[in-house]
Each structure stands twice: as C-alpha cells, then as structure tokens.
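The values are calculated or read from the model by the stated rules, or taken from the named source; none is laboratory data. This is a predicted model, so every value here is computed, not measured. Surface areas here come from the heavy atoms of the whole protein model, side chains and all, with no ligands, DNA or RNA. Shrake-Rupley method; radii C 1.70, N 1.55, O 1.52, S 1.80 Å.
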Amino acid sequence: MTHRRLLLSALAVAASLLAAPAFAQGFPSKPIKVVVPQPAGSGPDTLARTLADVLAKSLGQSVVVENRPGANGTLAAAYTLSQPADGYTLFLAGVSNMSWNPHLYKSLGHQPARDFTGVAVIANTPFVTVVAPGLGVKTLPELVKMAKADPKRLSFASAGIGNSTHLASELLKSRTGIQMQHVPISGAGGPNALTSVMAGDTPVMTTVPVGVVPLVKSGKLVPLAVTGERRLPQLPEVPTFKELGIDMEVPGWYSLVTRAGAPGDAVARLNAEINKALDTPEMKERLAGQMLTAVKSTPADVLKFTQRDSAAWGPIIDRLGIAQ
C-alpha cells in the first residue's frame with residue numbers, strides 16, 4: 001500500500017506539472033490590445049508598435065496598439081481599468097503614470113500600485129537638455145552663468161505640468177541653483193514644445209533624445225548635457241551631467257501593466273515573451289535607434305520601480321505645489 005500511495009502521489013505531481021504549462025499555453029486565445037497614452041508617432045507609440053510586432057510573432061496572436069492621449073495618461077489608465085481583468089488589455093505606462101500622477105491629481109480615481117498588475121518593465125530612456133541656437137549658449141556652465149546673471153531671463157518648455165519634461169527641468173533648476181520660468185506647451189505635447197524651443201520663445205528644454213537628435217544634427221537645437229552613466233552614441237560630443245558634476249538622476253522607464261486580478265499564468269506568459277523579445281536582434285536594433293535601453297524584469301519589478309520613484313519624487317511634486 002505504501003508503494004502504491006507513493007506511485008499515485010508521484011503520478012499526481014507529474015500530471016500537475018504537465019497541466020500547468022498546458023493551461024498557460026491557452027493564453028492568448030484572441031488579440032491583445034496595448035493602450036498608449038501618447039499620440040501616434042510619438043516615442044512611446046513607436047516603442048509600443050515595435051514591441052507589438054515582435055510579440056505578435058511569438059504569441060501567435062495580433063497585438064494591436066490603441067492611442068488614447070490626454071490628461072497626462074489618466075485617460076488611458078482609466079480606459080485600461082474599465083476593461084476585463086483578463087490580461088488582454090495592456091497599458092504602456094511610464095514613470096509619470098505609475099509614480100507621479102497619484103501626487104499630481106487629488107482626484108485621480110485610481111491607485112496605480114493597487115489597481116494595476118505589473119507585467120514587465122521594458123525600457124528606459126535618458127534625457128537631454130537642449131537650447132535654442134539663438135540663445136548663444138554652447139555648454140551647460142554657460143547656461144547656468146546666464147541664468148544666474150539674470151534670473152528672470154530664461155524660460156523652459158515642457159509637454160505639460162507634471163510631465164517628465166517638466167520635472168526633469170525642475171530638478172535641473174534645483175541641482176544648479178538657477179531660476180527659469182516654466183511654460184507648459186499644449187497640443188501635441190513634446191513636438192510643439194520643441195518647436196517653441198527652436199523658435200527661441202521658450203529657449204530651454206530637458207526631454208527624451210529620440211526626437212531631438214535629428215534637430216541637433218540639422219543645427220536647430222544645441223545639446224548641453226545628457227543624463228545617465230555614459231554619453232549617447234548618437235551625440236558623442238555631449239557630456240553627461242555626471243561628467244559635469246551634477247546629480248541628474250531622472251527615471252525614464254516604460255512598463256506594461258494590466259488591470260489587477262489578471263490571471264497569473266497570462267501575466268507570466270507575457271513577461272516571458274517580453275523578456276525574450278528584448279533579446280532579439282530586431283528589438284535590440286530598434287531600441288538602439290530610439291535611444292532606449294532594454295530592461296529585462298519580473299512582474300514584481302514594476303511595483304518596485306513604482307514605489308521607489310513615488311517615494312523619491314512625491315516630495316518634489318509637493319514642494320512645487322503643482323497638484324491639481
């Protein structure tokens with residue numbers, strides 16, 4: 001009897017091990033939607049479509065990108081949370097959506113750390129401070145000198161209050177002890193703000209480099225410094241803030257999340273396929289072209305990043321008094 005019980009127990013364990021992957025392989029059985037909080041053609045949209053193309057091949061299902069821009073990502077977040085908790089609707093959420101919006105909006109209507117389940121952190125972007133050519137500034141020390149000589153002279157553009165382009169410039173002000181007036185640019189966001197910088201109307205901006213490099217190459221913008229540990233290959237002559245002795249750690253990560261309560265096997269399958277996708281030559285080439293660094297992660301890492309940057313930047317947002 002003892003041997004028989006042991007045999008039956010072993011068979012039960014083996015059956016469970018075989019059944020678990022089979023259940024996971026049942027996902028996905030229909031198309032997956034990726035909700036992007038920025039307009040078509042933006043950097044995050046390009047990232048989402050790049051990843052969607054690769055995932056569609058490995059998952060054997062269509063991965064469709066749907067753009068729902070506006071309100072600093074709150075519209076896209078609310079839409080995602082209105083969908084079934086089945087893992088078929090994903091939200092391309094950046095640090096601002098996950099960590100900063102709870103501090104920015106008193107009536108946000110959701111708590112990202114509670115209401116979303118992390119799928120994967122997928123990439124991180126550096127930031128670059130650029131100025132208008134007409135400003136006559138070629139280096140960051142020159143910008144600091146100009147700002148300190150006339151504290152009311154300079155203004156900086158952003159893609160909106162509380163946006164990463166806003167908070168990055170606020171951190172620059174704090175780290176260098178300079179004053180600049182903030183001018184949020186409505187409309188298409190980043191592209192409109194860069195147009196204002198090029199025209200010299202708001203001559204300073206700290207933003208992601210993906211749309212900036214071509215403008216630098218054509219002489220329409222002057223780059224002063226980049227965040228991160230190393231210089232950008234596309235802008236090898238531009239020093240890092242670290243080289244200049246300035247602590248400018250600005251998080252620029254993107255993640256995929258889904259509504260809390262999604263099946264664990266679906267989340268695990270998506271995480272595994274995303275991590276595999278990040279290793280493909282196609283994704284590596286495309287991410288490099290967008291000046292993004294791949295981040296291989298677990299689902300739990302999304303919550304870890306969210307909580308870390310909420311704790312670090314919440315006090316900064318409170319000090320600025322920009323909560324709405």
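Descriptive notes on the structure:
- Descending Cα extents along the principal axes, segment 160-251, whole Å: 34, 30, 21
- Under 20 Å from the Cα of LYS217 - lysines, other chains or at least 8 residues apart: LYS138
- Percent of beta bridges antiparallel (DSSP, the chain, rounded to nearest 5): 60 percent
- Relative frequency of Cα-Cα separations exceeding 11 Å in segment 225-274, percent: 74 percent
- In straight-distance terms, cross-link reach from LYS30 covers every one of the aspartates and glutamates whose alpha-carbon lies under 17 Å from its own, apart from those fewer than eight places away in the same chain; here that gives ASP53, GLU66, ASP86, ASP265, GLU273.
- The chain, accessible area per residue, ligands and nucleic acids excluded (1.4 Å, Å²): 45 Å²
- Residue pairs, from the table LYS106/LYS304; LYS242/LYS284; LYS152/LYS220; LYS145/LYS242, whose Cα atoms sit over 21 Å apart: LYS106/LYS304; LYS242/LYS284; LYS152/LYS220
- Max mean-square fluctuation residue, GNM over the chain, Cα-Cα springs under 10 Å, options ALA85, ALA262, ALA312: ALA312
- Mean residue ellipticity (222 nm) of the chain, computed from DSSP H runs ≥ 4 via -39,500 (n - 2.57), nearest 500: -13500 deg cm²/dmol
- The separation of segment 246-285 from segment 67-137, counted between C-alpha centres, amounts to 14 Å.
- Extents of the chain, taken as max minus min of Cα coordinates on every principal axis and listed largest first, are 91, 42, 35 Å.
- Equivalent ellipsoid dimensions for segment 192-295 as semi-axes, Å, which come from the Cα gyration tensor, largest first: 33, 16, 15
- Shape analysis of segment 11-167 based on the Cα gyration tensor places the equivalent ellipsoid semi-axes at 42, 18, 15 Å, largest first.
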